[in-house]
Amino acid sequence: MPIAIKRNIGLFLLGKMTAVLGSSIYGFAIGLYILAETGSSLNFAITLILSVLPRILLAPVAGALSDRWNRKKIIIISDFACAIWLIIIFVVFTFGFSEIWVLYCATAVLSILNTFYSAAVTSSIYNMVGPDFIQKAMSLNQAAASLSTILGPVLGGVFFGFFPITTFMIINIIAFTISGLASVFIQYDLFAEKKERETDSSILTDLKVGFTYVKQQTFIKNLIFLSVFLNFWFAVFPVAMPYLILTIRKMESVQLGIIEGSFSVGMMIMAIILSTRPEIKRKDISIFGGLLVMSTVLILLGLPNFPGMMAISNLVFFPYLIVMVLLLSSSIMIVNMPIMVLLQKNTPDEYRGRVMSLVETGASAMAPLGYIVFGFLLEKMPVWIILTISGASIIILVHYHIKRKILVQHLRTVDKPQAVTVDV
């Protein structure tokens, strides 16, 4: 591996892992603090909405700006802006208003800034490492994020009993500062096309051009539709698992934490494996095979609630659920990685930010609706039926796309990116 690419990946992983770990520790502590101060699950839910909603609403705009402006500057400014914003929150919360609404404001603004950071980073990975190391870079990126997600709640839970909430703000300030400093030394344009870009058009025009481009690309359009429906049905997992484990099976909360933590462990393990292997060639087999595994596991997750299974001890189903969740998260990596690599390699640089953001928006927009629908259905139907319906629906979705063959044909073809002219 060339020294410049190795240096880029090293600095990138340092910044990413530091930022995600700091945010994970901070986010976990904020959730515990709000629950401890208010005793209200609704107030906790508000923080989740404030952390997700800006990403859904602003991702297309963030993608357009990442195609329009210098991505390295966006990344650096976003990191340091997060640090400065938390300094302001720290001062206000310590010397002014120690109230929950201040934390709501902190969460909302951090989510907005992270949306622009994420769009710029995602669209810069190809230019940072080139086509030959894109799978390695993205796999290591996911491994670092998963490890930080695993360590965050653990460290946050340990520190929460010893330090005030303002300490977690300081931790996150330091994390964003380190991430910003690392980004200063990364060559984000190492493989960028050397050409001038016109920036006299408006953001609305750029958005329109991005939408037009996506409409003209059958593969991307079908991929977004696939993501929308897939993420709706997968939304059953984070809603049904706590209900199944705590309410139906009467397990301990620590067991729920271990089972849910195994999700990040599975992603990290598979990401490390993919980072050491050559790029996946048969992307169609990887994606649709992974989807079939995912759907099967969703159905099998309902087994502890299946008629006749309630008499079986939790000593049996506790390790069973851990294994199932490990398989589930591993299958997600097998699905996501070839898709992201294919998008990175086959999207022209001038559209990459908008395309990646539109795919992300399509993937995440249906999740809140899924949470509401499945939360309602869990009070009306057995868990195993809902999980079976969700898993079977994904199987039907896979069968539909295989039968149409359009998406499959695109997945079997990995060409060099070609510029496409879009008339407005």
In the stretch 306-321, the residues that are surrounded by fewer than 19 Cβ atoms within 10 Å (Cβ to Cβ) and not polar (S, T, N, Q): Phe306, Pro307, Gly308, Met309, Met310, Ala311, Ile312, Leu315, Val316, Phe318, Pro319, Tyr320
The lone exception for Ile372 - which of (1) at pLDDT 90 or above; (2) surrounded by fewer than 16 Cβ atoms within 10 Å (Cβ to Cβ) it fails: (1)
Test result for Arg55, under 22 Å from the mean Cα position of the chain (by Cα) and either of a type in the set (D, E, K, R) or outside the structural domain of Pro153 (by TED's automatic domain parsing) (or both): yes
Residue match in the stretch 195-204 (condition: at pLDDT 75 or above, in contact with an Asp or Glu (Cβ under 7 Å, 6 or more places away or on another chain) and within 24 Å of Ile56 (Cα to Cα)): no
Residues (in a helix (DSSP H, G or I) and among the polar types (S, T, N, Q)) located in the stretch 108-142: Ser111, Asn114, Thr115, Ser118, Thr122, Asn127, Gln135, Ser139, Asn141, Gln142
Among residues of the stretch 126-158, those that are under 19 Å from Leu326 (Cα atoms), of a type in the set (A, V, I, L, M) and surrounded by fewer than 22 Cβ atoms within 10 Å (Cβ to Cβ), counted: 5
Sole exception among (1) over 18 Å from Val383 (Cα atoms); (2) of a type outside the set (S, T, N, Q); (3) part of a helix (DSSP H, G or I) for Met241, by number: (1)
Boolean, Ser313 is under 15 Å from the mean Cα position of the chain (by Cα) and modelled with pLDDT of 85 or more: no
Filter result (surrounded by 20 or more Cβ atoms within 10 Å (Cβ to Cβ) and among the aromatic types (Phe, Trp, Tyr)) within the stretch 94-125: Phe116, Tyr117
The stretch 284-305, subset surrounded by fewer than 22 Cβ atoms within 10 Å (Cβ to Cβ) and of a type in the set (S, T, N, Q), residue modelled with the highest pLDDT: Thr296
Long-range neighbours under 7 Å by Cβ, at least six apart or interchain, first residue in a helix (DSSP H, G or I) within the stretch 254-277, second modelled with pLDDT of 85 or more and among the aromatic types (Phe, Trp, Tyr): Gln255/Phe318
Number of the exception - Phe263 against (1) surrounded by 20 or more Cβ atoms within 10 Å (Cβ to Cβ); (2) closer than 21 Å to Pro382 by Cα: (2)
Failed criterion for Ile386 (all others in (1) touching a Phe, Trp or Tyr at 6+ places or on another chain (Cβ under 9 Å); (2) of a type in the set (A, V, I, L, M); (3) crowded, with 16+ Cβ neighbours inside 10 Å; (4) closer than 30 Å to Lys208 by Cα hold): (4)
Lone unmet requirement of (1) within 16 Å of the chain's Cα centre (by Cα); (2) more than 29 Å from Met340 (Cα to Cα) for Val154: (1)
Residue within the stretch 84-100 that is under 19 Å from Ile173 (Cβ atoms), of a type in the set (Gly, Ala, Ser) and modelled with pLDDT under 90 present: yes
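The values are calculated or read from the model by the stated rules, or taken from the named source; none is laboratory data. The shown structure was predicted, so the numbers you read here are calculated from the model rather than taken from an experiment. Positions of Cβ are backbone-derived with ideal geometry, glycine not excepted, and every protein chain shown enters the neighbour counts.
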